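For reference, the structure discussed in these notes is given below.
All of the numbers you see were taken from the coordinates with simple rules; none came from a lab. Quantities reported herein were computed from a predicted structural model and do not represent experimental measurements. Note that each Cβ is placed from the backbone with ideal geometry, even for glycine, and that neighbours are counted across all protein chains shown.
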Amino acid sequence: MKAREGDIVITKKPHPCGCDRWQVVRTGADVKIKCLGCGRVVMLDLLAFEKALKKVEKNDQ
């Protein structure tokens with residue numbers, strides 16, 4: 001599953017704030033995502049991101 005910058009993704013487990021929707025801020029060897037519930041920014045390595053990803057909800061392009 002490929003996620004690009006600006007995409008909204010849903011994770012398997014929710015963030016402690018209760019939201020499971022994230023916006024992809026940056027991609028590469030590491031992926032930076034921003035929680036749409038509380039605004040927290042988290043950086044994950046590509047393998048951890050792909051394991052946590054449930055589905056890509058919205059593509060901008």
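The table for this structure:
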{"item": "Matching label, Cα extents along the principal axes in Å computed from the structure shown, candidates (i) 26, 23, 18; (ii) 44, 18, 14; (iii) 37, 21, 18", "result": "(i)"}
{"item": "For the chain, cysteines whose Cβ has no other cysteine Cβ within reach (under 4.7 Å)", "result": "CYS19, CYS35"}
{"item": "Length-normalised contact order of the chain in % [C-alpha pairs under 8 Å, at least 6 apart]", "result": "38"}
{"item": "Peptide ranges 48-55, 37-44 listed from the most packed, as the mean C-beta count within 10 angstrom indicates", "result": "48-55, 37-44"}
{"item": "Point-to-point label distance, LYS58-ASP45, nm (Cα→Cβ direction, 7 Å offset)", "result": "3.2"}
